[in-house]
Structure formats: C-alpha cells, structure tokens
Amino acid sequence: MTAPVTVRVRVPASSANLGPGYDAFGLALALYDDFEAVHADAWFLEVSGEGAGELRTDGDNEVARAIQRVFAEVGYTGAARIRCENAIPVGRGLGSSAAAIVGGLLLGNELADAGLSNERLFELGAELEGHPDNVAAALFGGFTVCWRDGDTPRVRRIEPGGGLAAVVALSDAVLPTSEARQALPETVPHEDAAANVARASLVALGVALGDEPMLSAGLHDRIHEPYRAALIPDMAEIRDVLVSSGACGAALSGAGPTVIGLVSGATDDDALVRARGVADTAHARIVATSGNRRIMAVGVERVGTQIVCEG
Ligand code: HSE
C-alpha cells in the first residue's frame, strides 16, 4: 500500500476526571483541533487559532513528537510539514495536549503507512501524555474509563445513555498539568478513597444510564480537587454558580483551571439547548463577581478522532 500524500485529522477536546474519576474518566467534547500533514524534508509547523505564536513550530512540537514516536515504532525515517488549526484552548484543562498527541499519532500512522491499531496508538498516547484519560476520550469519543493492567493502560468506551452536554467555565489563566499534579499528596486517607469509589460509580452509571440524579450525586471528589483548590481560588464558587444555574453537577475539568458542568436532556441536541440556557445564566452571575472566566456551552462528541487521507 502507498502512504497517502495529505492526511487530515480532527481531534476533539476532552474533559478528564469528571470529579471522582481521577486519571480514569474522560468525556469527549465537540470542540476540535484540525491537523494536516504532508511529507517534507524537515519538520515545520504552522499554528493558527489557539496557541498561535505560543506553541513550538519545530520538530519538538507535541504533534511532531507524536508523529516521530510512530515513525520510531515502525523504523520509518522522514519528516513532515504540519498545519494546526486549533480551537481547543491551550493549558486550561480541556485536553489540548492530548489532542496534539492523538492527532500526531494518527497522522504518523498514515504517513508511515504503519498500520498500528487504535489500541496501540492509545498505549503510545498514554505513554507520551503520562496519564491516559484525555487521550482515551480524544481518540475514542464518548465517555471513557481507563485503568492499568500492570504497566499497560486499558480503556473501555461507554456510550452516554441519554442526551448529554456540558457548560465550561474557561479561565484566562493557564495551569500546567504538571504543576496541578505536583499539588497532590503521595497518599490520601482511606475514607476519601472509599468515598470516591462510590461517587465515581455513580458518575459512570449516571452517564451510562442517562440518569441525572446519579450524576448529581456522583460529581463530588475528595482526592484531587481539594488539593488543587489553592491553585484555583474561584473553583468552588464557579462550581456552585454552574449548579445553581441548572447544571446537574460540576467539577474541575482535568487539572483545571476550567470548571465543567454537565447538563442532561432527552437527546444531545436537547441537552445542548439546555446547556446554552445554563451558560447564559451562569455568565450573567459570574461576570458580576469574576471577570476572568468565559462561559461556553459545548456538545458531547460521540465519535472521537476522525481521519481523512488524500492522494
Ligand atoms: N487526570 C489528569 C489530572 C488530567 O487530573 O492531572 C489532566 O488533564
């Protein structure tokens, strides 16, 4: 088979953790980075949209490094010219880094005609990212649950059982995930771990069954959000505003500082209409108290990363 000339991928944003599912849960969101790559003699990137002028444009860019990882896996030598049109805000807890990695892995897989399975690409993505939750949701779409078998990351995708949408309260501030992870203690009290098992089960069941009361009961964390609160002083307030504006529950999105609220409905479209109403109400309340948040309703992405090859 001949490797394609131009490869395009569209990768969704993702929200990891969803409260108690630290490093395990991911939800793909209908906000996308579009990447395009062609073979070239040297690494070169053009970035537009989010991260333009800020992200690297050489072979050390995350997209390029992910392509290189696939090339190394199959002993392929080459470079690529890459265009990135980014809609996912960088460093805010919406999976921009995972999107770059997943995009790069899929581009690399096509450019090198490597034939790696999605499961192997997921393993490589989890290795590059250091945690699997955003990579899983970005690659497979829907709601994902990750765990490890020894050192091997595993994933199971769950189709949300009812209509689901989100409201995100984006912060102006950038919080590197590494910094937000350093804020966590080595160990947590047994009772907090036990509480999280129950709450996380409720979130997974709530998503799978489309059960709003279960989601409301589940979206409470005791093993990472309390420790990150010092880095995100308005987190509790924003969570309360989202819930009192009509979200069934809210949580830190990934490592933050974005806060996400979930909204259910009869269908995804219905949930998105409701989410827009929640966003409008929350916006009016938040602007009055905190000027550095942008409130946005966003749909759930059920399909995951999509790929188009030409030539
Ligand atoms: N599970 C990761 C964390 C997600 O909370 O650090 C980072 O987006």
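In the context of the full set of protein chains, the chain has a per residue accessible area of 41 Å² (1.4 Å probe). Ligands, DNA and RNA left out, the 1.4 Å accessible surface of the range 163-299 is 57% carbon and sulfur atoms. Out of Gly256, Gly162, Gly78, any idea which swings most in a Gaussian network model of the chain, alpha carbons joined below 10 Å? Largest GNM mean-square fluctuation: Gly78. Among the trypsin sites (Lys or Arg not before Pro) in the range 6-88, those placed in a DSSP loop whose Cβ has at most 15 other Cβ atoms within 10 Å are Arg56. Across the chain, C-alpha contacts under 8 Å between residues 6 or more apart give a mean separation that, scaled by the residue count, equals a relative contact order of 25 percent. Close amide H partners of Ser14, meaning residues 5 or more places away or on another chain with modelled amide H under 5 Å apart, are Leu29, Gly95. Each other residue within a Cβ distance under 14 Å of Asn196 adds +1 if Lys or Arg and -1 if Asp or Glu, for a net charge of -3.
With a ≥ b ≥ c the root eigenvalues of the C-alpha gyration tensor of the range 163-299, is it rounded (a/c under 1.5), prolate (a/b larger than b/c) or oblate? Taking the square roots of the gyration eigenvalues as a ≥ b ≥ c, the range 163-299 is oblate.
The H on the amide N of Asp234, modeled in the peptide plane, is under 5 Å from the matching H of no residue at least 5 residues off or on a different chain. Other residues within the sphere of radius under 11 Å centred on the Cβ of Arg228, judged by their own Cβ, net out at -2 (K and R +1, D and E -1). With K and R counted +1 and D and E -1, the other residues having a Cβ less than 15 Å from that of Val287 yield a net charge of -1.
The values are calculated or read from the model by the stated rules, or taken from the named source; none is laboratory data. The structure presented is a predicted model; accordingly, all values stated were derived computationally and were not measured. Positions of Cβ are generated from backbone atoms using ideal geometry, with glycine treated the same way; all protein chains shown enter the neighbour counts. Surface areas here come from the heavy atoms of the whole protein model, side chains and all, with no ligands, DNA or RNA. Shrake-Rupley method; radii C 1.70, N 1.55, O 1.52, S 1.80 Å.
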